[in-house]
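**Q** Dumping the structure here so I can ask a few things about it.
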Amino acid sequence: MAVPDHSIDPRIFESARKEFLANGFERASLKAICEGAGVTTGALYKRYKGKEDLFCAVVDQTVKDLYEVAHSRGDRDPAAMSDAELIKGWDMDGPDMMWWMRFLYDRHDDFVLLLSRSDGTRYANFQHDWVAVLTNATSAFLAEAQRRGICRTDVGPEELHILLSAFWTTIYEPFIHGFDWEQIEQHCRIVCKLFNWHKALEFHVEK
């Protein structure tokens, strides 16, 4: 049995990523991708069912990385956390936001593909779907804080989703608008000042 030649896969991914970034999924040309990778369309179709299958393969590792982080954080048991730990989870003064920005910037091109070049693929609603994942991961922590009476109790999952949508829009936009890392660092500092979760959710933060 012949062993599949995977040596051309990096070339296909590089060419596909460039074409999808330039033209978006719907306008991207498989012919241009093949020409850029120096492969035949036959060789491409041996590996991928079509253009959407190729797009999903390009962003697959970034999607896995994102969901791994979301689940690793969301899988903690809020009932086992101290009040201080629950409160700290909403802290915008620490290094956590800069970590997120660096994490996303290290996956810059694929993140942009998901945000603004994915119409026509299963990731067309990525911006909304990602916030839904984070709302689901975060709701239990807010609910536990509410149960303990250490924050306001009138914010439910639906409103939390709206608030997180606004929050993540401020994270999406610099990538969509092509900010470099220095600009994103500065933007991150502004966002940390703009979103004061402790104040908005009225956490009982000791001075």
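**Q** Residue check: is ASP180 free of Cβ contacts under 8 Å to residues at least 12 places away in the same chain, over 15 Å from the mean Cα position of the chain (by Cα), over 29 Å from CYS56 (Cα atoms) and loosely packed, with under 14 Cβ neighbours inside 10 Å? Spell out how you get there, then give the answer.
**A** On the way: free of Cβ contacts under 8 Å to residues at least 12 places away in the same chain: yes; over 15 Å from the mean Cα position of the chain (by Cα): yes; over 29 Å from CYS56 (Cα atoms): no; loosely packed, with under 14 Cβ neighbours inside 10 Å: yes.
No.
**Q** For segment 46-85, name all the residues that are touching a Leu at 6+ places or on another chain (Cβ under 9 Å) and not basic (Lys, Arg).
**A** Answer for segment 46-85, where residues must be touching a Leu at 6+ places or on another chain (Cβ under 9 Å) and not basic (Lys, Arg): TYR48, GLY50, LEU54, PHE55, VAL58, VAL59, THR62, VAL63, LEU66, ALA70, GLY74, PRO78.
**Q** Another one. If you take just the helices (runs of 4 or more DSSP H) that sit entirely in segment 15-78, which of them hold at least 3 residues that are small (Gly, Ala, Ser) and assigned by TED's automatic domain parsing to the domain that holds HIS108? So that I can check it myself, show each step before the final result.
**A** Working: elements: 30-37, 41-45, 51-74.
In segment 15-78, 51-74 are the helices (runs of 4 or more DSSP H) which contain 3 or more residues that are small (Gly, Ala, Ser) and assigned by TED's automatic domain parsing to the domain that holds HIS108.
**Q** Is segment 171-179 home to any residue that is in the same structural domain as LEU86 (by TED's automatic domain parsing), outside any helix (DSSP H, G or I) and on the phi > 0 side of the Ramachandran plot? I'd like the intermediate steps shown before the answer.
**A** Residues of segment 171-179 in the same structural domain as LEU86 (by TED's automatic domain parsing): 171-179.
The next check asks that each one be outside any helix (DSSP H, G or I); those that pass are 177-179.
Imposing the further condition that a residue be on the phi > 0 side of the Ramachandran plot reduces the set to 178.
Checked segment 171-179: at least one residue is in the same structural domain as LEU86 (by TED's automatic domain parsing), outside any helix (DSSP H, G or I) and on the phi > 0 side of the Ramachandran plot.
**Q** Would you say GLY156 is of a type outside the set (A, V, I, L, M, F, W, C) and either under 20 Å from ASP77 (Cα atoms) or modelled with pLDDT under 95 (or both)?
**A** Yes; evaluated as a whole, the condition is true for this residue.
**Q** Does segment 146-177 hold any residues that are surrounded by 15 or more Cβ atoms within 10 Å (Cβ to Cβ) and of a type in the set (A, V, I, L, M, F, W, C), and which are they?
**A** Result: ILE150, CYS151, VAL155, LEU160, LEU163, LEU164, PHE167, TRP168, ILE171, PHE175.
**Q** Tell me, yes or no, whether segment 91-105 has at least one residue that is in contact (Cβ under 8 Å) with a residue 40 or more places away in the chain, surrounded by 14 or more Cβ atoms within 10 Å (Cβ to Cβ), out of contact with any His (no Cβ under 6 Å at 6 or more places or on another chain) and assigned to a loop (DSSP other than H, G, I, E, B).
**A** yes
The values are calculated or read from the model by the stated rules, or taken from the named source; none is laboratory data. All figures in this text were calculated on a predicted structure; none of them were measured in a lab. Every residue, glycine among them, receives a Cβ derived from its backbone with ideal geometry; neighbour counts consider all protein chains shown.
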